[in-house]
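Contents: one structure, followed by commentary.
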């Protein structure tokens, strides 16, 4: 089977993780194009590929529509500003390519629904980059839930206690804006919100929230708290902060049930902190940990493997467009409830 031809649209902060994932999956994919409004950024990213793909021609563009017209592309990775994700994904699908979208999938539900509609009509695949689902401790937690080891679920808690100073927002004027970014919940906390709702595996029936802009000069929230009730009766608690002094403190996902307690923490929910169940299983080593050195973790590589397998075998990616919608919908309901 020939390698899938990939292009990246948006060569900023997160794009290096996509390049790393392609290199780690080089047996199944090959880069053919990079696009960014700043040509020098795309050229810099191109250099990352040269050793792993020495005989590959990688073209650089500043106009993504021209790239879609001129290149033979199987998959386009969208890593532009969040507010453009929806439009870019729709244009890519209309060009006939599959699409991988950095989080959040889009900033409004109309665009998300259009993306899923187009993908279904054209038999194209959509993958949303919630790479932390592939962390080994997270996979282990999901298995315990699927095996019913928690008994009756009581509550789950997702916490992001980070800091983002004013300089961070000033480095890119789109950050913290309603049109292109959202606040701490949409930008920093969305990965953990995705994990919480995935673990609960139940429809959200109510959303209550308290949000505020406390320290940063931005349009959206720098702190947010959400209280969820799931259809299965469990409660979800979400805390997202960009105001922690003086540096990032923790990212944790906790699940509590009648017969089980688990807490996953670390730099990017990559380490089991607590693992205690009434029953015992052979995989219960509580020291399971993914060694990482950045908040993005190592999940992009298995995310790409899963997506490539879905495309080649006409299967369903773990995080398709319908899965990608769920965390965004929770956050948008919290914004509406708090007047943001």
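Can you pull out every residue in region 169-184 that is exposed (fewer than 14 other Cβ atoms within 10 Å of the Cβ) and in contact (Cβ under 8 Å) with a residue 60 or more places away in the chain? Within region 169-184, just 179 meets the criteria.
The number of residues in region 144-168 being buried (at least 21 other Cβ atoms within 10 Å of the Cβ) and in a helix (DSSP H, G or I) comes to 1. Looking only at region 119-132, decide whether some residue is assigned by TED's automatic domain parsing to the domain that holds residue 281, over 22 Å from residue 17 (Cβ atoms) and under 21 Å from the mean Cα position of the chain (by Cα). No, that holds for no residue.
Is there a residue in region 229-237 that is in a loop (DSSP other than H, G, I, E, B), touching a strand residue (DSSP E or B) at 6+ places or on another chain (Cβ under 9 Å), closer than 14 Å to residue 161 by Cβ and outside the structural domain of residue 126 (by TED's automatic domain parsing)? Scanning region 229-237 turns up no residue that is in a loop (DSSP other than H, G, I, E, B), touching a strand residue (DSSP E or B) at 6+ places or on another chain (Cβ under 9 Å), closer than 14 Å to residue 161 by Cβ and outside the structural domain of residue 126 (by TED's automatic domain parsing).
Residue-by-condition table, conditions (1) surrounded by fewer than 23 Cβ atoms within 10 Å (Cβ to Cβ); (2) under 30 Å from residue 154 (Cβ atoms); (3) not assigned by TED's automatic domain parsing to the domain that holds residue 241:
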site	(1), (2), (3)
253	no, yes, no
258	yes, yes, no
270	no, yes, no
286	yes, yes, no
305	yes, no, yes
314	yes, no, yes
333	yes, yes, no
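Determine if region 48-62 includes at least one residue that is touching a helix residue (DSSP H, G or I) at 6+ places or on another chain (Cβ under 9 Å), assigned by TED's automatic domain parsing to the domain that holds residue 310, closer than 22 Å to residue 131 by Cα and at pLDDT below 95. Within region 48-62 (the criterion being touching a helix residue (DSSP H, G or I) at 6+ places or on another chain (Cβ under 9 Å), assigned by TED's automatic domain parsing to the domain that holds residue 310, closer than 22 Å to residue 131 by Cα and at pLDDT below 95), the answer is yes, since at least one residue qualifies. For region 269-302, residues that are part of a helix (DSSP H, G or I) and either without any contact (Cβ under 8 Å) to a residue 60 or more places away in the chain or within 19 Å of residue 188 (Cβ to Cβ) (or both) total 1.
Please find, within region 200-229, the residue that is nearest to the chain's Cα centre (by Cα) out of those that are in contact (Cβ under 8 Å) with a residue 60 or more places away in the chain and farther than 13 Å from residue 185 by Cβ.
Ranking the candidates gives 204 first.
Is it the case that some residue within region 76-85 is out of contact with any strand residue (DSSP E or B) (no Cβ under 9 Å at 6 or more places or on another chain) and surrounded by fewer than 18 Cβ atoms within 10 Å (Cβ to Cβ)? Checked against the condition, which is being out of contact with any strand residue (DSSP E or B) (no Cβ under 9 Å at 6 or more places or on another chain) and surrounded by fewer than 18 Cβ atoms within 10 Å (Cβ to Cβ), region 76-85 yields no hits at all. Residue count for region 312-340 satisfying the condition of being touching a strand residue (DSSP E or B) at 6+ places or on another chain (Cβ under 9 Å), outside any helix (DSSP H, G or I) and at pLDDT 95 or above: 4.
The values are calculated or read from the model by the stated rules, or taken from the named source; none is laboratory data. Note that the coordinates shown come from a computational prediction; the quantities given were computed from them, not determined experimentally. Here Cβ is always computed from backbone atoms with ideal geometry, including for glycine, and neighbour counts include all displayed protein chains.
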